[in-house]
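Participant: Okay, handing you the structure first.
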Amino acid sequence: MKIRAYWGNIGWAFLLVVFLLAACSTTPAVKYYTLNSLNEMQQDAPEPVSGSNLAIGVGPVGFPKLLDRPQIVTRQSQNRVRVSEFHNWASPLQGDFSRVLAKNISILLPTDRVAVHPWTDQFSPTYRIRLNVGQFDGRFGEHVILNVTWSVATQEGTNEVVVKNTAIKEPVSAKDYEALVAAKSRALAALSRAIVDEIKRLSE
């Protein structure tokens, strides 16, 4: 009886070890996120304005190497960031940024003649928007910061019209990635409005 109990205890101990090893080897599923345009955020677009025949070229868009990665980067402090292995962008952030910006511009002007760099030889933009993103990160439960230097040029960039720097801060409503990405989309929407306001002014 003692021998049977001994081997029985070993069996239970073995099963416990197997269970613990299996639990330790299980990793969280990766979650994927994407930026949203004004339509997808269900934000109101302005009234139609004249100038819908404008053609707008968006790009190229420069991104810092820190953000040019699949993982979402959050700011922990002024000098420390966190790169999440389990919360990733569904597509490269630089391309997603350009796509949503172009979509927002087409909604706000409005015009369907908006293309993302590189475009075909048949497309000749009235205005070309170049952007260099300096910062596009944030803290959970605090805010997202988008800092961009951008320029508007005419006729394929041969004549630079204006150069501006825009710094946008959007609150993050909760301490999670869903709220962080939503704030990033709102920040990009604010940048889109600033660019469209400049295009309207130049088109008057």
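The values are calculated or read from the model by the stated rules, or taken from the named source; none is laboratory data. Keep in mind that this is a model prediction, so the values were computed, not measured. As a convention, Cβ positions derive from the backbone with ideal geometry for all residues, glycine included, and neighbour counts pool all protein chains shown.
Participant: Condition (residue is in contact with a helix residue (DSSP H, G or I) (Cβ under 9 Å, 6 or more places away or on another chain), under 22 Å from Val58 (Cα atoms), modelled with pLDDT of 95 or more and surrounded by 17 or more Cβ atoms within 10 Å (Cβ to Cβ)) applied to segment 80-91: is it met by at least one residue?
Facilitator: Yes.
Participant: Filter segment 130-181 for residues that are surrounded by 15 or more Cβ atoms within 10 Å (Cβ to Cβ), of a type in the set (A, V, I, L, M) and assigned to a strand (DSSP E or B) and give the result.
Facilitator: Across segment 130-181, the qualifying residues are Leu131, Val133, Val144, Ile145, Leu146, Val148, Val152, Ala153, Ile168.
Participant: A further question follows. May I ask you to say which residue of Gln155, Gln78 is over 16 Å from the mean Cα position of the chain (by Cα) and at positive phi? So that I can check it myself, show each step before the final result.
Facilitator: On the way: Gln78 fails: at positive phi.
Checking each option against the conditions leaves just Gln155.
Participant: Now a separate question. Quick check on my filter: what residues within segment 132-185 are among the charged types (D, E, K, R), farther than 18 Å from Arg75 by Cα and modelled with pLDDT of 95 or more? Walk me through it before giving the result.
Facilitator: Just the residues of segment 132-185 that are among the charged types (D, E, K, R), to begin with: 137, 139, 142, 156, 160, 164, 169-170, 175-176, 178, 184.
When the remaining residues are screened for being farther than 18 Å from Arg75 by Cα, the result is 156, 160, 164.
The answer is Lys164, and nothing else.
Participant: Select from segment 96-122 the residues that are assigned to a loop (DSSP other than H, G, I, E, B) and not aliphatic (A, V, I, L, M) and list them in ascending order. If you could, list the steps in order and put the result at the bottom.
Facilitator: Going through segment 96-122, the residues assigned to a loop (DSSP other than H, G, I, E, B) turn out to be 109-113, 117-122.
Across segment 96-122, the qualifying residues are Pro110, Thr111, Asp112, Arg113, His117, Pro118, Trp119, Thr120, Asp121, Gln122.
Participant: Can you spot a residue in segment 74-86 that is in a helix (DSSP H, G or I), more than 18 Å from Val196 (Cβ to Cβ), polar (S, T, N, Q) and touching a residue at least 12 places away in the same chain (Cβ under 8 Å)?
Facilitator: no
Participant: Residue check, Pro125 against (1) touching a Ser or Thr at 6+ places or on another chain (Cβ under 8 Å); (2) crowded, with 21+ Cβ neighbours inside 10 Å; (3) in a loop (DSSP other than H, G, I, E, B), all met but one. Which one?
Facilitator: In the conditions (1) touching a Ser or Thr at 6+ places or on another chain (Cβ under 8 Å); (2) crowded, with 21+ Cβ neighbours inside 10 Å; (3) in a loop (DSSP other than H, G, I, E, B), Pro125 misses (1) alone.
Participant: Scanning segment 158-193 for residues that are under 14 Å from the mean Cα position of the chain (by Cα) and of a type in the set (Ser, Thr, Tyr), which turns out nearest to Val148 (Cα to Cα)?
Facilitator: So the residue we want is Ser192.
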